[in-house]
Every structure is written in structure tokens, then in C-alpha cells.
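To start, the structure under review is shown below, and the notes come after it.
Values quoted throughout were computed directly from the atomic coordinates according to the rules given, and no laboratory measurement underlies them. Nothing here was measured: the structure is a model prediction, and the numbers come from that model. Cβ placement follows ideal geometry from the backbone for every residue including glycine, while neighbour counts extend to all protein chains displayed.
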Amino acid sequence: MTTKRINIKDVVNDEFYQLPKLFFWDKKYRDETSPGAKLLYMLVRDRFNLSIYTTKQENEKELSPSYIDKDGDIYCILDNQEIEFTLNTTTKTVIKWMNELIELNLVDKEETEGGANRIYLNTLDSSGADLATFLGQRDYYKHVKARKKKKKEPLKTEKECIEEWVKKLTKNQEQRSSSKKAEGKKNSRPSGGKSTPPVDDKTPVLGEGEIPPPGDEDCPPLEEEKLQPKENYSSNLESSNNDSNPNNSKEFNKSSSNDMQDKIELEEEVSFKTTISVFGNYELLSKVPSIEQVCKDQRAINVVKKALMEAKIESFYFGDVLKALSSHPMNVEKYQAKNSEKIKYEPAFFANNLVDTIRSRIASQKLSNKQNNDSKKRESNVSKPPDILFYNWWEN
């Protein structure tokens, strides 16, 4: 049997049954529902969503809803034979699993005259169930098992484990909120109108702390570097500089001034060393000029973002993307000439080239920093000339 890796095209067509996390976080649902009952709940929930979708379609067409009762409650229809076939089990087992769900008030079942039974979904009881409680109970369970294996008593209680996780999650939430505030300050334009890139010298854990600068942690602070004006703006910029002289104010060209002002605003807003970060979900990636030539829709942008996250690239520069875009046509030609076939999905091909470009720049930056540090060490280690001793003849 041959296996095939999941392609980006396959992910779009995948469909899944869903199960609320509360079935695992809440001790009552976790202990009192069997694996089969959980599977049955997923089937019922999926059929319930189909009833909701059908009701919306009927409302748009101004038809009477088929799956709403007189009280306005939505129900679905799912007979035992369909459940038997889908879960590959017996009628007796299906009835057992359904009774489990009914006893926990997860579903209600009503019989109808001459028709299939109606199944209603009830709201889940989330009181006392949260992530900290689940993680604390999990850690306590593992702790008890480990101590029992050594034939020793537990060193901490379940309540203590839960309190530890409450503190951890609270601390992480505070760090994330402070990180968002710091990111907002960094992304906001200073009073001078210039975009100042981050200059932190420490790279925090992914998803925590402030935005690190792209590259090695010992990189020097970044300097401001603006986009160079295109050729069609060069003449306007030169004429504008000449017209800035008060003597030439009468010959000022308004159209050139407007073009120049637009270009200056663009340069102030976007620079080669503007940072695109995972903490902002790479949002600035879609604002890179000319990227729409390769990534023509949001799906293509998401493919590039996914490749960056899988490569564990926390941040990079606008200049990296522009460099990858400029070399993209040449890379496509090389690939097609070497493999004699067309590229299946161009955004995915571009994403790989972008990752290689970023890694190449980081590697060269590390090497340059290392060489600079080595040269500084050599200069500091150069021995100073010996002090010249003078004879003090006044002492004789």
C-alpha cells in the first residue's frame, strides 16, 4: 500500500467531525462518557449543523423551516441504522451510547407519530471546567501514577497542581498582553514620521515577549533604510530638490510635488528593514509591493505564512521578500529547465524560496558579525608599546 503526504490542495477538501474540548476538560464528561458515546455525539453534532444550514437556506428562499419545532428549537434526524453503519457497531451498542448521552443531558430524543425520532442538542455544562483545571488534574494523575510505581505516597494534592497551572496561565496571559502593547508601540509611527525597527538583542520564546530583530541575537541595532525611488520618480525628485530653493519657487511643478509627496509618504511607511513578525501573524506580508503578482489571493498568502511558521522564522525584513520576488522569475525558469515540468502551485514554490532567502541573509549576517567581533578582539589583544624609561638625573 502506497502512502501519500498531505498536500496543501488536499487540506482545503478535508472535512472533520468535531468534538468540544469540554468533553476532556470537564471531569464529569471525561469519566462518564465512553469513547463510543463521544463518537456518537460527534455524529449527532454534525447532523445538527446540517439542520442549521438547511434552515438558513430555507429562510433565504422564504420557505417554512423543516427542522424547527413549534417552540423554535432546532432538531435533527438520525436513525439507528445509519449510526450502526457509520460506526460499524450493533443496534444494542448504539442504544447504550445514546442512553449515556441522554443521562448526561447532552441530547434529548422525542418520538413522533409515523416518523423518525427527533434528536435535540442541549447546551454543555461548562461550570467548573477550564483549561487550568484540566491540566492540573492531568499533572496530578501522572504524578500519582509515577509515585505509585515507586510504591510511595503523592507529594502534592490535585488542588495544588491546579493552582500551579492557574498561576502559569495567568502569567502567560499577562506576558501576551504586554507583548501586544509593545508590538503596538513598535508598529505605530513615531512623531517624526519614520518607521523605527526593533533593536532588541535577545530573541524570546516564540509567542512570548517583544518582537526580536531578524537574524542572530548578537546582531547590532538596525539603522533606518528607506526604499529607493523608482526611475519614473527620479526626475521629479531632482526637480523638487531644485525647486526647494526660494529663488525658484515660481517654477514649482504641482504634479511633481504631489508625486514626490506620495513617494515620501510611502518611503516613511515602508522601508527595506521594516520587520514582518509572527507575533502579528505576518500581517504586513500582504502589503509588500508586487507580491500580488505571485500570491493573487488570501489563500496563497496563507500558504506562504504556513511555510514561514513551519520553518520557525519569527521575523524578517521587507527587503527579504522584495529580494525573493525579484529572483522568483529566474528560479521558476531554472526549475522548469531542470525538471522539464511546470510548477504545480507557484505560491508554495515562492514560499520555499523566501525561506531560503531569509536563512541565507541570516547566515551571512552571523558570519559578518563574527568577523567583526574577531577583528575587535585582535585589535584589543595587540600589545601596547613598552613605556620608555627616563633617567632622572636630578636624584643623583
Cα-only Debye scattering, the stretch 76-159: base-10 log of I(q)/I(0) at q = 0.17 Å⁻¹: -0.81
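Please work out how much length the chain gains when fully extended from Arg138 to Glu103, using 0.36 nm per residue of separation minus the C-alpha to C-alpha distance, in nm with one decimal.
On the way: separation 35, 0.36 × 35 = 12.60 nm, distance 2.55 nm.
10.0 nm is the gain from fully extending Arg138 to Glu103.
Could you work out the mean projected area of the convex hull around the alpha carbons of the stretch 273-373, in square nanometres to one decimal? Intermediate values should be presented prior to the final figure.
Working: hull surface 29.0 nm².
Over every viewing direction, the Cα hull of the stretch 273-373 projects on average to 7.2 nm².
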Between Leu169 and Asp356, with labels modelled 7 Å along Cα→Cβ, what's the label distance in nm to one decimal, could you check? 4.4 nm
Can you flag which of Lys181/Lys312; Lys296/Lys342; Lys142/Lys168; Lys27/Lys156 are past 21 Å Cα-Cα? Lys181/Lys312
Where labels lie 7 Å past Cα in the beta-carbon direction, separation of Lys28 and Ser380 in nm: 6.5 nm
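When a/c reaches 1.5 or more, the comparison of a/b and b/c decides; with that in mind, is the stretch 81-126 rounded, prolate or oblate per its Cα gyration tensor?
Since a/c reaches 1.5 but b/c is at least a/b, the shape of the stretch 81-126 is classed as oblate.
What number, in percent, do you get for the relative contact order of the stretch 131-184 if the mean sequence gap of Cα pairs under 8 Å and at least 6 apart is divided by its residue count?
Details: 33 pairs, mean separation 23.1, N = 54.
RCO, the stretch 131-184: 43 percent.
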Between the modelled labels at Thr157 and Lys92 (7 Å from Cα along Cα→Cβ) the distance in nm is 4.5 nm
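So what is the relative contact order of the stretch 14-121, in percent, for Cα pairs below 8 Å that sit 6 or more residues apart? Intermediate values should be presented prior to the final figure.
Working: 106 pairs, mean separation 27.1, N = 108.
Averaging sequence separation for qualifying contacts and normalising by length gives 25 percent for the stretch 14-121.
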In sequence order, calculated HN-Hα J values of the stretch 301-312 (Karplus, 6.51, -1.76, 1.60; Hz; x Gly/Pro): 4, 5, 5, 5, 4, 5, 5, 5, 5, 5, 7, 6
